[in-house]
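Beneath this line is the structure, given in structure tokens, with notes to follow.
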Amino acid sequence: MELMSLTALELGRKIRSGETSAVEAAKEAFSRIRRLDDTFHCYVTVDEEGALRKAEETDRRIRSGELTGPLAGVPAAIKDNLCTKGIRTTCGSRMLEHFVPTYTAEAVVNLEKAGVTVLGKTNMDEFAMGSTSETSYFGPVKNPWNQEHVPGGSSGGSCAAVAAEECSFALGSDTGGSIRQPSSFCGVTGLKPTYGTVSRYGLIAYGSSLDQIGPVAKDVSDCAAVLAAISSRDPKDSTSVKRPPMDLSAALKEDVKGLRLGIPRDYLGEGLDDDVRACILGAAKALEEQGAVLEEFDLSLVEYAIPAYYIIASAEASSNLARFDGVKYGYRTKEYDGLHSMYKRSRSEGFGPEVKRRIMLGSFVLSSGYYDAYYLKALKTRALIRRAFGRAFERYDVILAPAAPTAAPRLGESLQDPIRMYLGDIYTIAVNLAGLPGITVPCGADRQGLPVGIQMIGDCFQEEKILRAAYTLEQTRTYVRCPAAQE
Amino acid sequence: MAHVISDETIEYVGILAKLELSEEEKAQAKKDMGNMLDYMDMLNDLDTEGVEPLFHVYPLSNVFREDVVENGDERDRMLANAPEEKEGAFKVPKTVE
């Protein structure tokens, strides 16, 4: 039986019924990792011994009736910016190459409570700064649809691992599209929850007012189940919010009759690949045929989201990454002359080029003389962008959008020109600036056969609506496994 | 307006960011930052008169909780992550002359 080809919920059912076990599932995942991961490099660290020990215990607890949840025994991969006690957590950086956390991120604790087996840690852009998963100190991730292409980023390892069936599902994090864009490139489903839904405790911070943890899975139902498991109000994250339990049976319903869908006209114009546009419009049409009301509208301010985002994210990053000083943990340079030289050299040698670029930009826009012109201006722009979404959600339940201007680019193509790479984030970053939930679901392929996903954006706390639209669209299609999954 | 980033600016940013850049990195940083700022000047086209800056999506003010120790004694495990340690403490270069 190909256990990793099942969805997480299907696998969970078979484990609970005794048809298979948590140990069998974990063993198959590791066997696939051994077979495929030299090629795709989805993982930075695997913890086979720990995972199998945990799976045995899970099997006992399922048999004793103690664990009854839908994800009990299901093996998952965790993005390597989420701290895991006793398992190395690198954030894709030389800075944290040997860092072993003494505590586990709250979202992962919640998964462990649900009986999920943690297989290991997935590769990513260094400190989640990138759109291709090529800036990892440990080498790039390859797209399981075509090794010549990137998987997207920064949660590229998580999305590629789900696509290549090297895990049942994965956790990613999304600061400017880092779950939604690689999910599109890898042909999987990924959800960025409303800001505050999932505790960020134990997530190595990039842009704290933008970061959110979310699920990557084979389908919408899996994403909903994982979301339900990881959401919690956590006193250890003062920005986490108390939400009533989500009504998932209402959300996972094939029914969009009367649902008001808006497509921003400004998202369909110049810069969008023709094949991607055709996929998005095709998916929109499919939902219309199911009874949704579809309309194009002007969202406005779309092009301003990119400079506003890069100013705010870099500013927050420059502050968050000040903690890496080579004292209590992390990389320390070998040769230095005094304390300040130790700080500077440790940081300069420990961080890669893209991280340094953003720290410098962030330091600059926060410095006296430039703070008002750049940082405050960006925050005011953010307020206007939020207002524009607010107006849109008075008229629409769900906004449909591409997740990226093209399907996955070739390896090495994107890093040449930073601004061009940043422009690729145009459809995803505004969602983070406004704190909104967004999901990407597969909706077709481009002329090269690379997957394309459609992004569905909801108002804050309206995950049920985007899940319902995503679930309904999913029912009109069959899941397409990538070539690597069938190996 | 095209931004020209001076050597002084790059030095200053290096001090703020606590980074030591090679000559080659400095040249690249000047170019990259100039390009980025040119691009970001687009925001000047936008009228933000009277708009309150949005630092955070929720109107959060200080969130208080009791200061209770919840974690156990992790000293040895934490020190295991330290680049250098001595007698149960983090070892750093001399900080006071």
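Structure summary
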{"quantity": "Candidates A:Glu288, A:Glu303 - the one that is in contact (Cβ under 8 Å) with a residue 12 or more places away in the chain and within 11 Å of another protein chain (Cβ to nearest Cβ)", "calculated": "A:Glu303"}
{"quantity": "Test: residue in region A:222-235 that is more than 14 Å from chain B (Cβ to nearest Cβ), farther than 30 Å from A:Gly73 by Cβ and either of a type in the set (Val, Ile, Thr) or without any contact (Cβ under 8 Å) to a residue 12 or more places away in the chain (or both)", "calculated": "no"}
{"quantity": "Matching option when the condition is more than 7 Å from chain B (Cβ to nearest Cβ) and on the phi > 0 side of the Ramachandran plot, among A:Gly350, A:Gly390, A:Gly369, A:Gly362", "calculated": "A:Gly369"}
{"quantity": "Region B:80-97, subset of a type in the set (D, E, K, R) and out of contact with any helix residue (DSSP H, G or I) (no Cβ under 8 Å at 6 or more places or on another chain), residue nearest to the other protein chains (Cβ to nearest Cβ)", "calculated": "B:Glu84"}
{"quantity": "Residue ID - modelled with the highest pLDDT, chosen from residues in region B:45-70 that are exposed (fewer than 10 other Cβ atoms within 10 Å of the Cβ) and within 7 Å of chain A (Cβ to nearest Cβ)", "calculated": "B:Glu52"}
{"quantity": "A:Ser363 of a type in the set (S, T, N, Q) and surrounded by 24 or more Cβ atoms within 10 Å (Cβ to Cβ)", "calculated": "yes"}
{"quantity": "Residue list for region B:34-44, restricted to those being within 23 Å of the chain's Cα centre (by Cα) and at the interface with chain A (Cβ under 7 Å from one of its Cβ atoms)", "calculated": "B:Asn35, B:Met36, B:Tyr39, B:Met40, B:Leu43"}
{"quantity": "Residue among A:Ser178, A:Ser173, A:Ser184, A:Ser154 that alone is of a type outside the set (Val, Ile, Thr), buried (at least 24 other Cβ atoms within 10 Å of the Cβ) and assigned to a helix (DSSP H, G or I)", "calculated": "A:Ser184"}
{"quantity": "Qualifying residue in region B:15-33 (condition: closer than 24 Å to A:Lys380 by Cβ and either small (Gly, Ala, Ser) or at the interface with chain A (Cβ under 7 Å from one of its Cβ atoms) (or both))", "calculated": "yes"}
{"quantity": "Among residues of region A:242-258, those that are under 14 Å from A:Val220 (Cα atoms) and either in contact with a Leu (Cβ under 8 Å, 6 or more places away or on another chain) or not acidic (Asp, Glu) (or both), counted", "calculated": "6"}
{"quantity": "Those residues of region A:102-128 which are closer than 22 Å to A:Phe30 by Cβ and not small (Gly, Ala, Ser), in sequence order", "calculated": "A:Thr104, A:Val108, A:Leu111, A:Glu112, A:Val116, A:Thr117, A:Val118, A:Leu119, A:Lys121, A:Thr122, A:Asn123, A:Met124"}
{"quantity": "Test result for A:Thr194, within 14 Å of chain B (Cβ to nearest Cβ), surrounded by 21 or more Cβ atoms within 10 Å (Cβ to Cβ), under 27 Å from A:Val302 (Cβ atoms) and not aliphatic (A, V, I, L, M)", "calculated": "yes"}
{"quantity": "Verdict on A:Ser319 being among the small types (Gly, Ala, Ser), in contact (Cβ under 8 Å) with a residue 40 or more places away in the chain, under 30 Å from A:Gly139 (Cβ atoms) and surrounded by fewer than 21 Cβ atoms within 10 Å (Cβ to Cβ)", "calculated": "yes"}
{"quantity": "Inter-residue pairs, beta-carbon under 9 Å, first more than 19 Å from A:Ile306 (Cβ to Cβ) and in region A:367-389, second of a type in the set (A, V, I, L, M) and surrounded by fewer than 21 Cβ atoms within 10 Å (Cβ to Cβ), 6+ apart", "calculated": "A:Ser367/B:Leu16"}
{"quantity": "Residue in region A:396-408 that is surrounded by fewer than 21 Cβ atoms within 10 Å (Cβ to Cβ) and at the interface with chain B (Cβ under 10 Å from one of its Cβ atoms) present", "calculated": "no"}
{"quantity": "Single residue of A:Ala72, A:Ala55, A:Ala77 found to be surrounded by 23 or more Cβ atoms within 10 Å (Cβ to Cβ), over 30 Å from A:Glu349 (Cβ atoms) and touching a helix residue (DSSP H, G or I) at 6+ places or on another chain (Cβ under 7 Å)", "calculated": "A:Ala55"}
{"quantity": "Count of region A:418-464 residues which are on the phi > 0 side of the Ramachandran plot and either touching a Phe, Trp or Tyr at 6+ places or on another chain (Cβ under 8 Å) or at pLDDT below 95 (or both)", "calculated": "2"}
{"quantity": "Within region A:372-385, considering residues that are more than 8 Å from chain B (Cβ to nearest Cβ) and of a type outside the set (A, V, I, L, M), the one surrounded by the most Cβ atoms within 10 Å (Cβ to Cβ)", "calculated": "A:Tyr375"}
{"quantity": "Subset of region A:298-328 (residues that are of a type outside the set (A, V, I, L, M) and more than 17 Å from A:Val355 (Cβ to Cβ))", "calculated": "A:Asp298, A:Ser300, A:Glu303, A:Tyr304, A:Pro307, A:Lys328"}
{"quantity": "Matching residues, region A:49-98, being assigned to a helix (DSSP H, G or I), closer than 21 Å to A:Ser133 by Cβ and not hydrophobic (A, V, I, L, M, F, W, C)", "calculated": "A:Arg94"}
{"quantity": "So A:Arg277, is it touching a Leu at 6+ places or on another chain (Cβ under 7 Å), of a type outside the set (S, T, N, Q) and at pLDDT 95 or above", "calculated": "yes"}
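Results for (1) over 16 Å from the mean Cα position of the chain (by Cα); (2) surrounded by 24 or more Cβ atoms within 10 Å (Cβ to Cβ), shown as yes or no for each residue.
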| position | (1), (2) |
| --- | --- |
| A:Lys113 | yes, no |
| A:Leu119 | yes, yes |
| A:Thr122 | no, yes |
| A:Ala128 | no, yes |
| A:Thr132 | no, yes |
| A:Gly139 | yes, no |
| A:Asn146 | yes, no |
| A:Val150 | no, yes |
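The values are calculated or read from the model by the stated rules, or taken from the named source; none is laboratory data. Remember, predicted model here, so these are calculated numbers, not experimental data. Note that we place each Cβ from the backbone using ideal geometry, even for glycine, and neighbour counts take in every protein chain shown.
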